[in-house]
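The values are calculated or read from the model by the stated rules, or taken from the named source; none is laboratory data. Note that the structure is a prediction, hence the values are computed from the model and not measured. All Cβ positions, glycine included, derive from the backbone under ideal geometry; neighbour counts span all protein chains shown.
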Amino acid sequence: MTGILEPEKGSVFLEGKDLSTVTPGQTGRKIGYLFQNPDLQIFTLSVKEELLFTHRFLGDPSEDIEPEVDRMLELFHLSSLKDQVPFNLSRGERQRLALAAVMMNGPGYLILDEPTTGLDSIRKKILLDILKGQLENGTGMSIISHDHDFIRDLSHRIIEIDDGRLIEKDV
Amino acid sequence: MFKRLDVRTKIILVLCLSTPAVLVQDPYMLTAVLIISILLSIFIGSDLKKILRSLSRIWYIFFTLILVQSIFTGSGMELLSIGRFTILTGGGIIKGVEFMLRLLIIIISATIMTTSNQREIVQGLNQWKVPYEISFMVSIAIRFLPMLAAEIKNTLIAIQLRGIDPQKLKFSKRIKLYRYIFSPVLINTVKKAQKLSVAMEARAFRAYPGRTSYLVLKFARIDYFIISISLVLIAAILFFYYYF
């Protein structure tokens with residue numbers, strides 16, 4: 001769905017464009033993708049710098065984006081950690097940072113791969129509230145997860161894979 | 001027959017192929033060694049197609065290397081110059097081609113080693129009385145290299161999925177961007193190494209020199225034959241190269 005893998009058959013369209021003709025960079029501006037392992041998508045040596053990463057390369061002046069960075073730090077409970085080295089944070093904190101960094105692009109759609117892996121119940125609740133907030137703001141999302149309770153609280157549609165078959169469940 | 005060669009025979013073969021690649025400075029001789037490397041690699045059963053496909057993706061690096069080599073080796077007939085600055089010379093191109101041939105021989109001969117598994121390579125080194133610490137390090141390096149390559153690829157995809165198109169960035173920014181690939185890869189590698197060492201210690205692993213092994217390698221007749229032929233051939237090649 002993000003164009004990382006090519007479909008074996010059929011096509012995936014994003015806003016009318018076949019994904020195979022679009023670069024991952026173009027997809028990334030419209031779809032936010034959270035990897036199962038957040039370490040793969042943390043590139044900088046401070047939490048705040050991580051949130052500024054994309055904008056720095058796309059040429060947005062830092063001053064204009066500062067209020068948005070502060071809002072994201074607040075929303076994802078990362079304000080007290082803004083000067084920390086991301087690689088020293090806990091798994092849950094890194095997960096939230098990776099999601100916050102993805103959200104900095106203002107994507108209209110999110111794809112989250114096992115977002116609750118390694119999170120305790122409190123952190124799960126925080127993530128659940130954040131995602132519910134995003135849904136209310138009109139951001140669409142697909143979540144790949146084994147965590148049935150987490151999924152049930154967020155979903156409008158659940159598709160299970162059982163023994164290689166797709167089973168659609170009403171919510 | 002060739003596919004069941006002992007891993008130690010393969011190591012000797014690789015050494016015999018890569019030694020002339022480093023010592024010989026004759027493009028015809030290097031071409032001959034490259035052809036032998038390709039044939040041996042195919043006979044021994046390495047996936048040469050896959051490796052050549054990967055190499056074709058970095059052809060521009062080869063091209064740049066030839067060009068740089070050529071620029072800094074100003075000998076022979078001048079072919080291209082800007083003002084008083086000579087860019088390409090006949091001698092420079094020959095040096096560049098030699099350099100590419102060397103690189104290809106080393107890469108293609110190394111593919112022979114990919115036909116043995118990691119366990120066999122460690123056992124081969126052990127039976128050659130290489131200290132276990134070293135053979136173990138080799139085995140870990142072999143195990144981690146593909147993971148490292150996958151991690152670099154994934155990190156680049158992750159950067160692109162943040163909305164950045166490296167191809168559309170200015171050259172200076174692109175170089176800066178590539179620098180960001182290495183911090184997560186390096187940190188994750190150190191973390192993995194730490195986890196691995198803790199896991200090994202937890203299982204009471206120690207690199208003691210006295211070890212018993214389920215897998216014991218034994219040379220067959222074909223191994224002795226190939227080793228003898230290889231050593232005689234390499235000695236002959238170097239003898240003719242230096243004395244005639």
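Can you name the condition, by its number, that B:SER183 falls short on among (1) in contact with an Asp or Glu (Cβ under 8 Å, 6 or more places away or on another chain); (2) surrounded by 11 or more Cβ atoms within 10 Å (Cβ to Cβ)?
B:SER183 satisfies all of (1) in contact with an Asp or Glu (Cβ under 8 Å, 6 or more places away or on another chain); (2) surrounded by 11 or more Cβ atoms within 10 Å (Cβ to Cβ) except (1).
Please determine whether any residue of the stretch B:54-66 is among the polar types (S, T, N, Q) and surrounded by 15 or more Cβ atoms within 10 Å (Cβ to Cβ).
Scanning the stretch B:54-66 turns up no residue that is among the polar types (S, T, N, Q) and surrounded by 15 or more Cβ atoms within 10 Å (Cβ to Cβ).
Among the residues of the stretch B:85-110, write down those that are among the polar types (S, T, N, Q) and at pLDDT 90 or above.
If the condition is that a residue be among the polar types (S, T, N, Q) and at pLDDT 90 or above, then B:SER109 is the only one that fits.
Within the stretch B:106-126, can one find any residue that is without any contact (Cβ under 8 Å) to a residue 40 or more places away in the chain and of a type in the set (Ser, Thr, Tyr)?
no
Name the single residue that is surrounded by the fewest Cβ atoms within 10 Å (Cβ to Cβ) among those in the stretch A:17-66 being more than 19 Å from the chain's Cα centre (by Cα) and at the interface with chain B (Cβ under 8 Å from one of its Cβ atoms).
A:LEU45
Within the group A:LEU34, A:LEU112, A:LEU14, which residue is over 24 Å from B:ARG174 (Cβ atoms) and in contact with a helix residue (DSSP H, G or I) (Cβ under 6 Å, 6 or more places away or on another chain)?
Result of the check over A:LEU34, A:LEU112, A:LEU14: A:LEU34.
Restricting the search to the stretch A:113-143, which residues are out of contact with any Phe, Trp or Tyr (no Cβ under 7 Å at 6 or more places or on another chain), within 19 Å of A:PRO38 (Cα to Cα) and touching a residue at least 40 places away in the same chain (Cβ under 8 Å)?
Within the stretch A:113-143, A:GLU114, A:PRO115, A:THR117, A:ILE126, A:SER142 meet the criteria.
Can you name the number of the only condition in (1) closer than 30 Å to A:TYR33 by Cβ; (2) touching a Leu at 6+ places or on another chain (Cβ under 7 Å); (3) modelled with pLDDT of 85 or more that B:SER183 fails?
That leaves (3) as the condition not met.
Whether any residue in the stretch B:190-209 is more than 10 Å from chain A (Cβ to nearest Cβ), modelled with pLDDT of 85 or more and surrounded by 16 or more Cβ atoms within 10 Å (Cβ to Cβ) is what I want to check.
Scanning the stretch B:190-209 turns up no residue that is more than 10 Å from chain A (Cβ to nearest Cβ), modelled with pLDDT of 85 or more and surrounded by 16 or more Cβ atoms within 10 Å (Cβ to Cβ).
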